[in-house]
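Asks: After the structure tokens below, expect a handful of questions from me.
The values are calculated or read from the model by the stated rules, or taken from the named source; none is laboratory data. These figures come from a predicted structure and were not determined experimentally. FYI the Cβ positions are ideal-geometry reconstructions off the backbone, even for glycines, and counts take in every protein chain you see.
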Amino acid sequence: MYPVLLILPLIYALILAAIAFVPGSFALALGLATKKAAKPHGEEAPGCFHGLFMGSAILLLSIACGFVGAGILSVGINLALVVIVSISYSVSPTAGGDMDEGVFGFLYLGALSLGFLGFFALGMSRLVGWLEPKGV
């Protein structure tokens, strides 16, 4: 077995996170640049895109956080699966010959989806807390 296969989902997750992070940071920069055009009491001036830029920045950066978290979680899950398979194979080499891996794949993808959603929610709550106007 190749050890790089343990971190392959992390590499894919980092690529997807970079795809979401670059436009998210660009939208954050545009949102911070258009902040002065907004009126003081949270009302937006006509033609001001501050809320749109900040909302899309928070969403895209939270998606990037979700991908990074799911990628890191996948490394731990892959390592645990390798240990479990190694132990089961050393106990009985022919025990898993006719095993259906569909259930394990479903559980694996479910755990990664829950990891993505958890880290997405964590990133969203942190970013909203940092970037939300304090006086509103």
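Asks: What are the residues in the stretch 1-27 that are farther than 14 Å from Val68 by Cα and touching a residue at least 40 places away in the same chain (Cβ under 8 Å), if any?
Replies: Met1, Leu5, Leu6, Gly24
Asks: Pick from the stretch 41-86 the residues that are among the hydroxyl-bearing types (Ser, Thr, Tyr) and modelled with pLDDT of 90 or more: which of them is farthest from the chain's Cα centre (by Cα)?
Replies: If we filter the stretch 41-86 for residues that are among the hydroxyl-bearing types (Ser, Thr, Tyr), which is where we start, we get 56, 62, 74, 86.
Checking which are modelled with pLDDT of 90 or more leaves us with 56, 62, 74.
Details: Ser56: 15, Ser62: 7, Ser74: 11 Å.
For the stretch 41-86, the residue satisfying everything is Ser56.
Asks: Checking the structure you have, find out if any residue of the stretch 87-96 is closer than 22 Å to Phe116 by Cα and modelled with pLDDT of 80 or more. Even if it seems obvious, please write down each step before you answer.
Replies: Step one: list which residues in the stretch 87-96 are closer than 22 Å to Phe116 by Cα, which gives none.
No; the residues of the stretch 87-96 include none that is closer than 22 Å to Phe116 by Cα and modelled with pLDDT of 80 or more.
Asks: Continuing with this model, one more query. Identify, please: which residue in the stretch 1-21 is within 15 Å of the chain's Cα centre (by Cα) and of a type outside the set (A, V, I, L, M, F, W, C) and is, among those, modelled with the lowest pLDDT?
Replies: Just the residues of the stretch 1-21 that are within 15 Å of the chain's Cα centre (by Cα), to begin with: 9-21.
Retained after the next criterion (residues that are of a type outside the set (A, V, I, L, M, F, W, C)): 9, 12.
Values: Pro9: 90, Tyr12: 93.
The qualifying residue modelled with the lowest pLDDT is Pro9.
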